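Accompanying notes for the structure given below.
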Amino acid sequence: MKRKIITIKRIFQTGFINFWRNLSIAVAAIAVMVVTLTILLSSIIVNATFTNTINQITSKIDISVYLKDSTTPDQTNKLIAELKALPNVKSVVYLDKQQVLQQYEAQNAGNQQLLTAISETSNPLPATIHIKPVDLNQINGVKAYLVQPNVLALQSNPPSYSGNLEKAIINITHTTNVLRELGFISVIVFAVICALIIFNTIQMAIFNRRDEIHIMRLLGASKAYIRGPFIVESAIFGFVAAIISVGIVNFLFVTASSTLQATTLGLLNIGYASTYFDAHFWQFLTLQILIGIMIGTVSSAIATRRYLKLKDK
């Protein structure tokens, strides 16, 4: 057991020494890995930010159904019950004529002309049912129900669908999906490039130390002992790249929110993105380190295994 611990310790020591020895030729591998991890982290943050934006806008969207004054309480209760039973309905709120008038007065408290005009007539505002959908993309089921003849007969005006907000949701959802796909493709492409560069870097390091490796084999060193330092070296590539990647993203947020005094960048809410990044900083750092080490070790394992296999022939 003690011998194994000493062997593992030597493998790690040699790996650290090799890292500093080959740092100049490993710069390219680290740089590409930094790009890969930065794209990955940015994609996660952008996706979370857009999701939050969609949720915020969705929370403000509802469908307003305006009822005729002749609608009876039984008809109203039946309509509300049927609306609540629809699969895509999150909540249904009913406001009678007096409540709608009070809401209208509260919303226009600063417009004395409107308040005076409405006070001089009997309440012209209809009782209203506000329907909040679960998923705006599945709102057609609610729309189809509201245009049924027996339901239309109870309505004084066509339903209001908050059209502008609906269009905003659709646009943001489309943008989010596109960016998610582009981010995924970019991460895959750069991960492959990174793996190839690490592969070639390790092959070059193995070639430069071929005499040393040959002597170790003659002395009875195992493949695992020879391969270990190279894998550790590549793992350090990933660790360093992860630290740099998180540092770059943090710097960009600090610059955007402080130097540029920006709160939004198009559809991207920088304020929320920065808060989200800070709240999940250690999770992101851990994720980046794990992914970086995984890319490095897998690439190195393949490179060293291939070399040792060739030497055995």
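The values are calculated or read from the model by the stated rules, or taken from the named source; none is laboratory data. Note that the coordinates shown come from a computational prediction; the quantities given were computed from them, not determined experimentally. Cβ: placed from backbone, ideal geometry, glycine included. Neighbour counts: every protein chain shown.
For every residue, the table says whether it meets (1) at negative phi; (2) outside the structural domain of R227 (by TED's automatic domain parsing); (3) within 24 Å of the chain's Cα centre (by Cα).
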| site | (1), (2), (3) |
| --- | --- |
| W20 | yes, no, no |
| V27 | yes, no, no |
| T49 | yes, no, yes |
| K78 | yes, yes, no |
| L83 | yes, yes, no |
| L86 | yes, yes, no |
| Y94 | yes, yes, no |
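How about the stretch 146-177: which of its residues are at pLDDT 75 or above and either within 29 Å of G238 (Cβ to Cβ) or in a helix (DSSP H, G or I) (or both)?
Listed by number, the residues that qualify are L146, P149, N150, V151, L152.
Can you name the residue in the stretch 213-228 that is within 12 Å of R10 (Cβ to Cβ) and of a type outside the set (A, V, I, L, M) and is also modelled with the lowest pLDDT among such residues?
Y225
When only residues in the stretch 290-313 that are charged (D, E, K, R) and assigned to a helix (DSSP H, G or I) count, which is modelled with the lowest pLDDT?
Here the residue is D312.
List, please: which pairs have Cβ atoms under 7 Å, are six or more places apart or on different chains, and start with a residue in the stretch 295-306 that is within 10 Å of N200 (Cα to Cα) and end with one that is surrounded by fewer than 24 Cβ atoms within 10 Å (Cβ to Cβ)?
Pairs found: S299/A195; S299/F199; S300/I231; A303/F199; A303/Q203.
Which of (1) outside the structural domain of I243 (by TED's automatic domain parsing); (2) part of a helix (DSSP H, G or I) is the odd one out, the single condition Y66 does not satisfy?
Condition not satisfied by Y66: (2).
Just to verify a result, which residue in the stretch 65-102, among those that are buried (at least 16 other Cβ atoms within 10 Å of the Cβ) and of a type in the set (S, T, Y), is farthest from V134 (Cα to Cα)?
Only one residue fits best here, namely T71.
With (1) surrounded by 15 or more Cβ atoms within 10 Å (Cβ to Cβ); (2) at pLDDT 85 or above; (3) not small (G, A, S); (4) not in a helix (DSSP H, G or I) as the list, and T38 as the residue in question, which single condition is left unmet?
(4)
Looking at the stretch 69-91 only, could you name the residues that are assigned to a helix (DSSP H, G or I) and either of a type in the set (A, V, I, L, M, F, W, C) or touching a residue at least 24 places away in the same chain (Cβ under 8 Å) (or both)?
The answer is Q75, T76, L79, I80, A81, E82, L83, A85.
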